[in-house]
Amino acid sequence: MFLGIDLGTSGVKSVAIDEAGNIVAQGTAELSVQHPQPDWSEQDPEDWWRAAESAVMAIDPAVRAGIAGIGLAGQMHGATVLGPDDRALRPAILWNDGRSHPECAKLERRTPLSREITGNLAMPGFTAPKLLWLRQHEPELFGAVKTVLLPKDYLRLRMTGEKASDVSDSAGTLWLDVGARDWSNEMLSACELSRDHMPALYEGPQVTGALRSDIAAQWGMTQVPVVAGGGDNAAGAAGIGIVADGDALLSLGTSGVIFVATDAFRPNPAGSVHAFCHCLPGKWHQMAVHLSAASCIDWAARQLGLSGPAHVLALAEDARAANGRELFLPYLSGERTPHNDPHVRACFLGLDAETSPAGLAAAVLEGVAFALADGLDALRAAGTETDALHVIGGGARSHYWGSIIATTLGVRLHYLDGGEIGPALGAAKLAMMGVAKVNASQACSRPAIIATIEPDAALGDRLATKRDRFRAAYDAIKPF
C-alpha cells in the first residue's frame with residue numbers, strides 16, 4: 001500500500017491506497033493559523049509535525065505496516081526558514097500573508113525579466129517577496145538563514161533528513177525558471193540568496209530519500225521510500241486524473257482554485273493567472289487562485305453563531321439563490337486572480353431591515369461563485385477553454401453550492417468518487433508511481449463520476465444581474 005500526507009492550512013490529512021488505487025484508510029489532524037498583525041498569516045512548523053504524526057497514527061497499525069512508499073503534498077508558497085541546526089528560526093509565513101506587497105515591486109525592479117522567467121506576477125503570497133521582507137525587517141534573522149523550505153518539504157526533512165522539493169511546489173516560490181524546471185540564479189540573487197539555500201529539485205514521482213529508522217519504528221513501518229510529491233493543487237489534480245492538456249478541476253478548499261493541465265508552459269501574468277509546473281514530468285498547468293472559498297462558509301458560521309458550515313448551507317438553500325439583494329465580496333485575505341490585491345477586504349452590501357441570516361448565508365455562497373467566475377474569465381482571456389470542471393476539496397460535498405457555481409461559471413461540474421479527499425490521494429498515487437513503477441496513465445486514472453451538475457438557465461438570469469453588481473462593487477470598495 002502507499003501513503004499520501006497532505007499538509008493543508010487547516011489540517012493534515014493522510015490517505016492510504018492499495019495497488020489498485022483504492023482508498024483503504026484515512027486520518028486527519030487539525031491546525032490553526034495565527035494572525036499576529038493585520039495582513040499577517042503564520043504557523044509554527046512544529047505544529048505541522050505534530051499534526052502530521054497524529055494524522056499518520058490515526059491510520060490502523062495493520063495498514064501502516066503494509067505501506068511501501070510515501071508521497072507528500074502541501075500548501076504552497078510558505079516561507080519556512082531554517083538556521084544552521086535545521087531548526088525553524090521563526091513561524092512560517094503562509095501563502096495568504098499579505099505583508100510583503102512592497103517587496104513585490106522591488107523584486108520586479110531588480111529582475112526586469114522576472115515575469116518571463118517565472119511566468120507569474122510577483123505577488124505577496126509567493127515565497128520570494130517574503131524573504132525580501134525578512135531582509136528588510138528582520139535582518140539579523142535573515143543573516144542566520146541557511147535553508148528555505150516549503151511547508152511539505154519541512155515534513156520531508158523531519159521524516160528523512162533530506163532537503164528536497166518537487167518542481168510543482170517550487171514553481172510557486174518565484175525562484176524557479178518554470179519553463180526549464182530548475183532554480184533561476186537570477187531570481188535567487190535578487191533576494192540575496194543562492195542555490196545553497198535551496199533544496200534539491202525532483203519531479204513528483206521521484207524518490208527523495210527513505211524514512212528515518214526512528215520515525216519508521218514510531219510509525220510502525222519499515223524505512224520506506226519517500227517521493228517528491230507536489231504542491232496541493234497539482235497533487236490534487238494527479239489524484240483525479242487531471243493530467244492531459246485541457247483537463248480542468250475546481251478545488252473548493254480554504255482557497256478556491258480553477259486548475260487546467262497543459263502540455264507546455266503557457267504563462268499569462270498580465271491576467272494574474274498562475275503558470276506552474278505540474279507534478280508529473282513534462283507537464284505544466286495554469287491556475288486562477290482565490291484566497292478565500294470554503295473558508296468564507298466557516299467564517300460565516302462563526303459570525304452568525306451557527307453550528308458549522310452545514311448550517312450555513314442549509315440556511316442558504318432555504319433563502320434560494322439570487323433571491324435577495326444582499327451581496328458578499330469574499331476577500332477575507334485579499335485576492336489574487338484577477339485583481340492581485342492583498343489589501344482589499346470582504347464586505348456585505350445591500351443589507352436592509354429585512355436581511356436575515358439566511359439571506360447573508362446565500363450571499364456568501366453567491367459571492368464565492370462570482371469570484372470564481374472572475375478567475376475563469378482570466379483563464380479564458382489566456383486562451384484556455386473548458387466546458388467542464390471536476391470538483392475536489394471539502395466544498396465538493398455541497399451539490400446545492402455546486403448548482404450556483406456551475407450556473408455562474410456556465411460550465412458542467414463533475415463530482416468524482418473520492419473527490420473530497422484531494423491532494424493526499426494524489427500524493428499517494430505519486431508514491432505508487434515512484435516506488436512500484438506504475439505509469440502515470442494507470443496510476444492517475446479518473447475516478448468514477450458520481451454526479452454532474454448542469455448550469456440552470458433560469459437561475460443564471462437572476463445570478464447574472466447580481467454578478468454585474470458584484471463586479472462594480474470591487475471598483476467601489478478598492479479605495480477603502
Scope the range 54-79; condition in contact with a helix residue (DSSP H, G or I) (Cβ under 8 Å, 6 or more places away or on another chain), surrounded by fewer than 24 Cβ atoms within 10 Å (Cβ to Cβ) and not in a loop (DSSP other than H, G, I, E, B); matching residues: Met57, Arg64
Residue identified as among the aliphatic types (A, V, I, L, M) and out of contact with any Asp or Glu (no Cβ under 9 Å at 6 or more places or on another chain) among Ala473, Ala436: Ala473
Test: residue in the range 193-215 that is over 18 Å from Thr147 (Cβ atoms) and out of contact with any helix residue (DSSP H, G or I) (no Cβ under 7 Å at 6 or more places or on another chain): yes
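Yes or no: the range 136-145 includes at least one residue that is at pLDDT 95 or above and in a strand (DSSP E or B).
Of the range 136-145, the ones at pLDDT 95 or above are 136-145.
Narrowing further to those that are in a strand (DSSP E or B): none.
There is no residue in the range 136-145 that is at pLDDT 95 or above and in a strand (DSSP E or B).
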Qualifying residue in the range 393-406 (condition: without any contact (Cβ under 8 Å) to a residue 24 or more places away in the chain, within 29 Å of Ala440 (Cα to Cα) and of a type in the set (Lys, Arg)): yes
Test: residue in the range 305-323 that is under 18 Å from the mean Cα position of the chain (by Cα) and either at pLDDT below 95 or under 20 Å from Leu360 (Cβ atoms) (or both): no
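Any idea which of Ala451, Ala427 is among the hydrophobic types (A, V, I, L, M, F, W, C), modelled with pLDDT under 95 and either outside the structural domain of Leu365 (by TED's automatic domain parsing) or surrounded by fewer than 24 Cβ atoms within 10 Å (Cβ to Cβ) (or both)?
Working: Ala427 fails: modelled with pLDDT under 95.
Answer to the selection: Ala451.
Could you check, for the range 83-105, whether at least one of its residues is more than 23 Å from the chain's Cα centre (by Cα), within 20 Å of Gly334 (Cα to Cα) and either surrounded by 19 or more Cβ atoms within 10 Å (Cβ to Cβ) or not β-branched (Val, Ile, Thr) (or both)?
Pass one, the range 83-105, residues more than 23 Å from the chain's Cα centre (by Cα): 83-87, 89, 102, 105.
From the residues that got through so far, the ones that are within 20 Å of Gly334 (Cα to Cα) too are 102, 105.
Right, trim to either surrounded by 19 or more Cβ atoms within 10 Å (Cβ to Cβ) or not β-branched (Val, Ile, Thr) (or both) and you get 102, 105.
Yes; the residues of the range 83-105 include at least one that is more than 23 Å from the chain's Cα centre (by Cα), within 20 Å of Gly334 (Cα to Cα) and either surrounded by 19 or more Cβ atoms within 10 Å (Cβ to Cβ) or not β-branched (Val, Ile, Thr) (or both).
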Residue pairs meeting the criteria (Cβ under 6 Å; at least 6 apart or on separate chains; first surrounded by fewer than 24 Cβ atoms within 10 Å (Cβ to Cβ), in the range 118-135; second modelled with pLDDT of 95 or more and among the acidic types (Asp, Glu)): Leu132/Glu103; Trp133/Glu103
Conditions (1) surrounded by 22 or more Cβ atoms within 10 Å (Cβ to Cβ); (2) under 30 Å from Arg109 (Cβ atoms); (3) among the small types (Gly, Ala, Ser); number of the one not met by Gly179: (1)
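For (1) assigned to a loop (DSSP other than H, G, I, E, B); (2) in contact (Cβ under 8 Å) with a residue 40 or more places away in the chain, each residue gets a yes or a no:
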site: Phe259; (1), (2): no, no
site: Ala264; (1), (2): yes, no
site: Phe276; (1), (2): no, yes
site: Cys279; (1), (2): yes, yes
site: Gly282; (1), (2): yes, no
site: Ala288; (1), (2): no, yes
site: Ser292; (1), (2): yes, yes
site: Ile297; (1), (2): no, yes
site: Gly305; (1), (2): yes, no
Residue check, Gly161 without any contact (Cβ under 8 Å) to a residue 60 or more places away in the chain and within 25 Å of Glu53 (Cβ to Cβ): yes
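The values are calculated or read from the model by the stated rules, or taken from the named source; none is laboratory data. Small disclaimer: the values here were computed from a predicted structure and weren't measured. Reconstructed Cβ throughout: ideal geometry from the backbone, glycine too, with neighbour counts over all protein chains shown.
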